[in-house]
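The values are calculated or read from the model by the stated rules, or taken from the named source; none is laboratory data. From a predicted model like this one, the values you see are computed outputs, not experimental measurements. In this analysis, Cβ positions are derived from the backbone assuming ideal geometry, glycine residues included, and neighbour counts consider all displayed protein chains.
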Amino acid sequence: FPGTPLPDGAPCPDGDVCNGDERCGAAICRPGTPVVCTDAEACSMDTCAPATGCMFPPRTGFDSVSCAIGRGLPACSGAPLPGSVLRRFAAAERLVERGRSARRRPTQRQRLKRASATLARAIRLTVRDTRRGRLPADCSAQVVEALTDVRDRARLLARSLRR
């Protein structure tokens, strides 16, 4: 019946998933425990949409590229990463940061394209060193995956700066 208080413990949702499950207590709707949204992924944003709950959209722009760089390259047990790969990864990191600080979009785009090309070279060197037996195949696959992720993020951002 309308106006009849709900029994204690009965749900009384307010339509906002993010603020938890509200329950009736002493004829009053009591707030629930707010939802904590975290996916432990540094390259995504932890958000909560009232209608749907937790969402983890990827970071965008320079934050996306810098975050992927910040993860670093995986360490290989028993085999150090080639210096040529490490140097190129560091050079790409510098180019991305210089791109971030550039005031003009064409300059930003140019530095991102150079970073992408530098990372592509690091990928080729990693594959070459694997073929020559200097780097274990399982480690190489992880390094190539990390380098490719950063390269693809830099390329995507450079393309978006065309407009």
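Structure values in brief
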| quantity | calculated |
| --- | --- |
| Residue tally, condition within 19 Å of residue 147 (Cβ to Cβ) and either surrounded by fewer than 13 Cβ atoms within 10 Å (Cβ to Cβ) or aromatic (Phe, Trp, Tyr) (or both), over segment 42-57 | 1 |
| Selection count where residues are touching a strand residue (DSSP E or B) at 6+ places or on another chain (Cβ under 8 Å), surrounded by 13 or more Cβ atoms within 10 Å (Cβ to Cβ) and either modelled with pLDDT of 90 or more or part of a strand (DSSP E or B) (or both), scope segment 1-20 | 2 |
| Check on residue 111, crowded, with 19+ Cβ neighbours inside 10 Å, part of a helix (DSSP H, G or I), without any contact (Cβ under 8 Å) to a residue 40 or more places away in the chain and not small (Gly, Ala, Ser) | yes |
| Pairs with Cβ under 7 Å, 6+ apart, first in segment 117-132 and free of Cβ contacts under 8 Å to residues at least 24 places away in the same chain, second of a type in the set (A, V, I, L, M, F, W, C) and assigned to a helix (DSSP H, G or I) | 127/144; 130/137 |
| Residue list for segment 133-163, restricted to those being crowded, with 19+ Cβ neighbours inside 10 Å and polar (S, T, N, Q) | 140 |
| Counted residues, segment 25-43 - those being modelled with pLDDT under 90 and of a type outside the set (D, E, K, R) | 10 |
| So residue 23, is it surrounded by 14 or more Cβ atoms within 10 Å (Cβ to Cβ), in contact with a Ser or Thr (Cβ under 7 Å, 6 or more places away or on another chain) and not hydrophobic (A, V, I, L, M, F, W, C) | no |
| Residues within segment 114-132 that are surrounded by fewer than 20 Cβ atoms within 10 Å (Cβ to Cβ) and over 18 Å from residue 74 (Cα atoms), tallied | 4 |
| Close pairs from segment 139-163: first closer than 19 Å to residue 90 by Cα and in a helix (DSSP H, G or I), partner at pLDDT below 95 and among the basic types (Lys, Arg), Cβ under 8 Å, at least 6 apart | 146/71 |
| The lone exception for residue 93 - which of (1) over 13 Å from residue 62 (Cβ atoms); (2) without any contact (Cβ under 8 Å) to a residue 40 or more places away in the chain it fails | (1) |
| Residue, nearest to the chain's Cα centre (by Cα), within segment 26-41, restricted to residues that are surrounded by fewer than 11 Cβ atoms within 10 Å (Cβ to Cβ), among the aliphatic types (A, V, I, L, M) and within 30 Å of residue 149 (Cβ to Cβ) | 40 |
